[in-house]
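Let me begin by presenting the structure, written as structure tokens, before commenting on it.
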Amino acid sequence: MIAVTLICWGLSLYKLRDLARDRGNRPLRALCLALIAITISMTLQPLMPKIDQLVGIPDVTRLTSNCLSLVCATAAQAFLLYMTSSDVSTRRRVRRQSIALALTITVMIIMFVATPSDVSLSDPRVRTGEYYGEPFHAPFLFVYLAYLGWSLTQVVVLANRYAGIAHRPLLRFGLRMITVGSLWGLAYVAAKLVAVGVGNRSPRWALITDAVVVLTFSTSILLVLIGSTIPSWGPRVGLDRLWVGAAAFRDYYRLYPLWTRIHAVLPEIALLPPPSGVRGVVSIARDASLRRVRITVEILDGYATLRPWMSPAVAAQAQDAAQEGGLLGEQQTAMVEAVVIGAALAARLDGAPPSSEATEAPALPLGPPRDSAAGDLGAADQVTWLAQVARAIESPLARIIITRATSEALSIAPQSSER
């Protein structure tokens with residue numbers, strides 16, 4: 001927890017510097033509030049014995065730390081809401097959450113005052129700090145856990161929703177980390193409830209539950225901290241370039257099954273010999289973006305070369321078979337494209353003459369949809385689609401449909417020629 005606290009201070013000061021340069025930034029203000037609140041909360045925890053003695057009220061530091069944790073959770077919700085909109089409805093929603101926070105903290109303070117602590121500051125366990133490591137239960141603790149659980153659930157929903165529409169890789173990754181960190185926070189709430197329930201009844205289990213509480217709380221804070229700040233400091237340490245390279249490397253191997261099938265029949269599409277072995281993997285990783293572009297171009301060159309062997313009859317058979325297989329939408333379209341390519345490769349490999357109906361065959365690639373809500377993503381959209389086709393052509397269903405469609409197309413061809 002000391003290490004996490006130091007990280008909290010570092011990231012808080014880092015974001016406060018950004019806020020000093022852009023004071024009107026609502027999401028940044030909410031983020032800084034969340035960071036400062038949780039940083040102070042964690043800083044207070046090891047100082048509880050000294051602060052309580054200084055103030056003269058047992059457990060007042062624990063109450064303050066819990067209230068700051070709730071401020072952090074509420075500010076995190078505001079940060080996620082302001083990330084997508086700062087309109088009147090968003091500000092109204094943030095205002096309602098702030099009012100709920102103020103009411104919750106007020107209730108906690110009233111309950112704290114109304115139910116004095118069972119120990120006094122003169123108790124030796126309080127003076128030595130041993131008391132603060134023992135299971136703690138008080139009425140306000142349940143209000144704290146209820147509000148924290150509700151807030152973290154909202155954070156999970158918001159972060160997961162916005163991660164699905166974020167285009168910047170580091171932002172999307174950061175939101176995923178916030179989601180995971182909030183789930184760990186919910187695990188902390190559950191562990192804390194278990195600790196309250198079994199701590200006093202079984203001292204042996206108290207140590208275990210306390211360890212779980214510390215682990216889940218620290219992990220949650222660390223993940224949320226990194227996730228909320230990585231979009232700003234990540235590019236400065238080269239994480240964006242590393243992410244782009246990793247994505248290109250992944251895309252290359254997603255396209256590789258489709259490229260391998262085409263290259264086996266049309267080796268002339270390859271500008272250079274395909275890399276192999278450990279050195280090949282290293283060379284691909286070193287120039288992943290270029291390799292991704294090259295393998296995409298070579299696949300499309302193979303499409304163009306195979307065009308005379310593409311049959312509309314095979315496409316029709318593939319469409320029917322894909323529907324029978326329960327495929328819908330893009331999965332169905334990708335399967336049709338995979339079957340058309342697979343059948344064309346088989347015909348070319350068997351030395352069959354070009355199809356007389358090739359001009360009526362569907363133009364490939366069939367996807368992706370040209371009018372997406374996010375706009376035309378160009379090459380990236382094309383790579384995503386070809387990767388989907390590569391996955392489809394490797395499936396057992398594709399092999400069955402290719403065999404069936406090819407055999408039925410061949411049986412129809414002689415009949416057509418006789419007529």
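Yes/no matrix, rows are residues, columns are (1) more than 19 Å from Cys72 (Cβ to Cβ); (2) touching a helix residue (DSSP H, G or I) at 6+ places or on another chain (Cβ under 6 Å); (3) modelled with pLDDT of 90 or more; (4) basic (Lys, Arg):
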site	(1), (2), (3), (4)
Asp87	yes, no, no, no
Thr106	no, no, yes, no
Ala114	yes, no, yes, no
Asp123	yes, no, no, no
Glu130	yes, no, no, no
Ala159	no, yes, yes, no
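In segment 267-282, is there at least one residue being closer than 25 Å to Ala159 by Cα, open to solvent by 50 Å² or more (accessible area, probe 1.4 Å), in a helix (DSSP H, G or I) and among the aliphatic types (A, V, I, L, M)? First the steps, then the outcome.
From segment 267-282, those closer than 25 Å to Ala159 by Cα are none; that's our starting set.
Within segment 267-282, none of the residues are closer than 25 Å to Ala159 by Cα, open to solvent by 50 Å² or more (accessible area, probe 1.4 Å), in a helix (DSSP H, G or I) and among the aliphatic types (A, V, I, L, M).
Per-residue answers, yes or no, for (1) open to solvent by less than 60 Å² (accessible area, probe 1.4 Å); (2) closer than 16 Å to Leu222 by Cα; (3) of a type outside the set (A, V, I, L, M, F, W, C):
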{"position": "Ile2", "(1), (2), (3)": "no, yes, no"}
{"position": "Cys8", "(1), (2), (3)": "yes, yes, no"}
{"position": "Leu19", "(1), (2), (3)": "yes, no, no"}
{"position": "Cys32", "(1), (2), (3)": "yes, yes, no"}
{"position": "Ile36", "(1), (2), (3)": "yes, yes, no"}
{"position": "Ile40", "(1), (2), (3)": "no, yes, no"}
{"position": "Leu54", "(1), (2), (3)": "no, no, no"}
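Does Ser182 satisfy the criteria of being in contact with a Gly (Cβ under 6 Å, 6 or more places away or on another chain), under 23 Å from Asn66 (Cβ atoms), in a helix (DSSP H, G or I) and modelled with pLDDT of 90 or more?
Numbers: in contact with a Gly (Cβ under 6 Å, 6 or more places away or on another chain): no; under 23 Å from Asn66 (Cβ atoms): yes; in a helix (DSSP H, G or I): yes; modelled with pLDDT of 90 or more: yes.
Criteria not met by Ser182.
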Under 6 Å by Cβ, and 6 or more places apart or on different chains, what pairs join a residue from segment 124-145 that is under 18 Å from Val60 (Cβ atoms) and outside any helix (DSSP H, G or I) with one that is of a type outside the set (A, V, I, L, M, F, W, C) and open to solvent by less than 40 Å² (accessible area, probe 1.4 Å)?
-> Gly129/Pro49
Kindly indicate whether Ala247 is modelled with pLDDT under 85 and surrounded by fewer than 18 Cβ atoms within 10 Å (Cβ to Cβ).
-> no
Name every residue in segment 155-179 that is of a type in the set (Ser, Thr, Tyr) and not in a helix (DSSP H, G or I), in order of residue number.
-> none
Scan segment 317-334 and report the pairs whose first residue is within 17 Å of Ala390 (Cα to Cα) and whose second residue is open to solvent by 50 Å² or more (accessible area, probe 1.4 Å) and not small (Gly, Ala, Ser), with Cβ atoms within less than 6 Å and a gap of 6+ or a chain change.
-> Thr333/Leu366
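Kindly provide the set of residues from segment 197-217 that are crowded, with 20+ Cβ neighbours inside 10 Å and at pLDDT 80 or above, ordered by number. If you could, list the steps in order and put the result at the bottom.
Restricting attention to segment 197-217, the residues satisfying the condition of being crowded, with 20+ Cβ neighbours inside 10 Å are 199, 209, 213, 216-217.
Within segment 197-217, Val213, Thr216, Phe217 qualify.
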Hey, among Pro58, Pro49, which residue is closer than 24 Å to Val214 by Cα, in a loop (DSSP other than H, G, I, E, B) and open to solvent by less than 40 Å² (accessible area, probe 1.4 Å)?
-> Pro58
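Any idea which of Leu11, Leu31 is under 26 Å from the mean Cα position of the chain (by Cα), part of a helix (DSSP H, G or I), modelled with pLDDT of 90 or more and not hydroxyl-bearing (Ser, Thr, Tyr)? Before you say what the answer is, go through the steps one by one.
On the way: Leu11 fails: modelled with pLDDT of 90 or more.
Just one listed residue meets the conditions, Leu31.
Test Thr260 against the stated conditions and say whether it is surrounded by fewer than 19 Cβ atoms within 10 Å (Cβ to Cβ), assigned to a helix (DSSP H, G or I) and hydroxyl-bearing (Ser, Thr, Tyr). Lay out the reasoning, then the answer.
On the way: surrounded by fewer than 19 Cβ atoms within 10 Å (Cβ to Cβ): yes; assigned to a helix (DSSP H, G or I): yes; hydroxyl-bearing (Ser, Thr, Tyr): yes.
Yes; evaluated as a whole, the condition is true for this residue.
Where residues in segment 328-352 are open to solvent by 30 Å² or more (accessible area, probe 1.4 Å) and aliphatic (A, V, I, L, M), which of them is farthest from Ile262 (Cα to Cα)?
Within segment 328-352, the subset open to solvent by 30 Å² or more (accessible area, probe 1.4 Å) is 328-331, 333, 346, 348-352.
This time we only want the ones that are aliphatic (A, V, I, L, M), so: 328, 346, 349, 352.
On the way: Leu328: 26, Ala346: 10, Leu349: 10, Ala352: 16 Å.
The qualifying residue farthest from Ile262 (Cα to Cα) is Leu328.
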Hits in segment 218-229 (condition: of a type outside the set (A, V, I, L, M) and open to solvent by less than 20 Å² (accessible area, probe 1.4 Å)) | Ser218, Ser220, Gly227, Ser228, Thr229
Answer yes if at least one residue in segment 372-394 is surrounded by 15 or more Cβ atoms within 10 Å (Cβ to Cβ), under 30 Å from Arg294 (Cβ atoms), of a type in the set (A, V, I, L, M) and at pLDDT below 85, and no otherwise.
-> no
Which residue out of Ser89, Ser98 is farther than 30 Å from Leu121 by Cα, touching a Ser or Thr at 6+ places or on another chain (Cβ under 7 Å) and either open to solvent by 20 Å² or more (accessible area, probe 1.4 Å) or not in a helix (DSSP H, G or I) (or both)?
-> Ser98
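Within segment 292-305, can you find the residues that are in contact with a Phe, Trp or Tyr (Cβ under 7 Å, 6 or more places away or on another chain) and open to solvent by 50 Å² or more (accessible area, probe 1.4 Å)? Break it down stepwise before answering.
Restricting attention to segment 292-305, the residues satisfying the condition of being in contact with a Phe, Trp or Tyr (Cβ under 7 Å, 6 or more places away or on another chain) are 292, 295, 298-299.
Within segment 292-305, Arg292 is the sole residue that qualifies.
The values are calculated or read from the model by the stated rules, or taken from the named source; none is laboratory data. Since the structure is predicted, the reported quantities are computational estimates derived from the model, not experimental observations. Heads up, the Cβs are rebuilt from the backbone with ideal geometry, glycines too, and the neighbour counts pull from every protein chain shown. Note: areas computed on protein heavy atoms with side chains; ligands, DNA, RNA excluded. Shrake-Rupley method; radii C 1.70, N 1.55, O 1.52, S 1.80 Å.
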